[in-house]
1. Among the residues of region 155-186, how many are open to solvent by 50 Å² or more (accessible area, probe 1.4 Å), at pLDDT below 95 and either under 22 Å from G124 (Cα atoms) or not in a helix (DSSP H, G or I) (or both)?
2. Restricting the search to region 89-132, which residues are among the aromatic types (F, W, Y) and either more than 17 Å from D67 (Cα to Cα) or open to solvent by 30 Å² or more (accessible area, probe 1.4 Å) (or both)?
3. Name every residue in region 21-48 that is at pLDDT below 65, out of contact with any helix residue (DSSP H, G or I) (no Cβ under 8 Å at 6 or more places or on another chain) and not in a loop (DSSP other than H, G, I, E, B), in order of residue number.
4. Looking at (1) acidic (D, E); (2) modelled with pLDDT of 95 or more; (3) touching a Lys or Arg at 6+ places or on another chain (Cβ under 7 Å), which is the only condition E53 fails?
Amino acid sequence: MKFTTAAAGLLAAAGALAAPVAQPEAEIETRNPGGINYVQNYNGNVAQFKYSESAGTFSAKWSGNTDFVVGLGWSTGSARAITYSGSYSAAGSGSYLSVYGWLNSPQTEYYITENYGSYNPCSGATSLGSVTSDGSSYQVCTDTRTNQPSITGTSTFKQFFSVRASKRTSGTVTTGNHFKYCEYREARVTLIWMDSDKHFAGATKGFGNSNFNFQVFAAEAFSGSGSASITVS
């Protein structure tokens with residue numbers, strides 16, 4: 001929904017994607033919980049964004065008509081299980097607490113939304129039904145963004161949302177369940193996520209999942225007031 005930047009990954013909005021600085025995987029896993037190696041920081045200054053990459057923690061506090069996406073995660077996404085815990089207060093805010101990421105080709109933005117404020121991101125979008133995962137049903141929907149900021153500048157791309165019915169502020173998100181669900185939808189509608197799932201399957205057989213760009217657990221807001229304090233692993 002919003003173009004994002006990261007300290008070692010993306011340039012400014014409408015800018016080009018820059019490759020994150022490579023770090024030895026074993027070193028990352030030892031130092032950071034879950035191998036976290038990516039900081040998501042789009043307009044974090046308007047949300048008092050603070051983080052500790054080594055501890056896997058971040059916080060944000062916002063008020064007014066803000067526009068930010070902040071969080072922690074991984075420079076390359078996968079069908080990983082993401083565990084998080086903390087606090088999130090956004091009842092009067094246009095805000096999401098989500099697993100958030102991009103696929104490179106076809107270019108796709110996706111959210112697995114665990115909690116949200118005053119606006120359900122599936123409102124007005126095309127429904128793809130629902131999937132059950134991690135103790136709740138999730139409403140799945142899709143939309144097309146035309147000539148909007150993206151990881152490669154201004155482009156047209158698909159968005160996918162999977163929105164949890166029983167909101168929560170802690171738990172584990174089994175991301176692969178959300179992608180695999182789309183195999184059971186009409187191929188023309190879900191081609192992008194089906195393609196991404198092929199990469200998930202390849203990864204389990206030892207092949208690379210090069211279709212993924214970054215993947216983070218993030219707080220996003222575009223109106224109202226709220227706060228978040230989250231630990232990710």
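The values are calculated or read from the model by the stated rules, or taken from the named source; none is laboratory data. Please read these numbers as outputs of a predicted model, since none were measured by experiment. Please note: Cβ atoms are built from the backbone with ideal geometry, for glycine as well, and neighbour counts cover all protein chains shown. We work out accessible area using only protein heavy atoms, side chains counted, and drop any ligands, DNA or RNA first. Shrake-Rupley method; radii C 1.70, N 1.55, O 1.52, S 1.80 Å.
1. 3
2. Result: W102, Y110, Y116, Y119.
3. The answer is A26, E27, T30, R31.
4. Against the list (1) acidic (D, E); (2) modelled with pLDDT of 95 or more; (3) touching a Lys or Arg at 6+ places or on another chain (Cβ under 7 Å), E53 comes up short only on (3).
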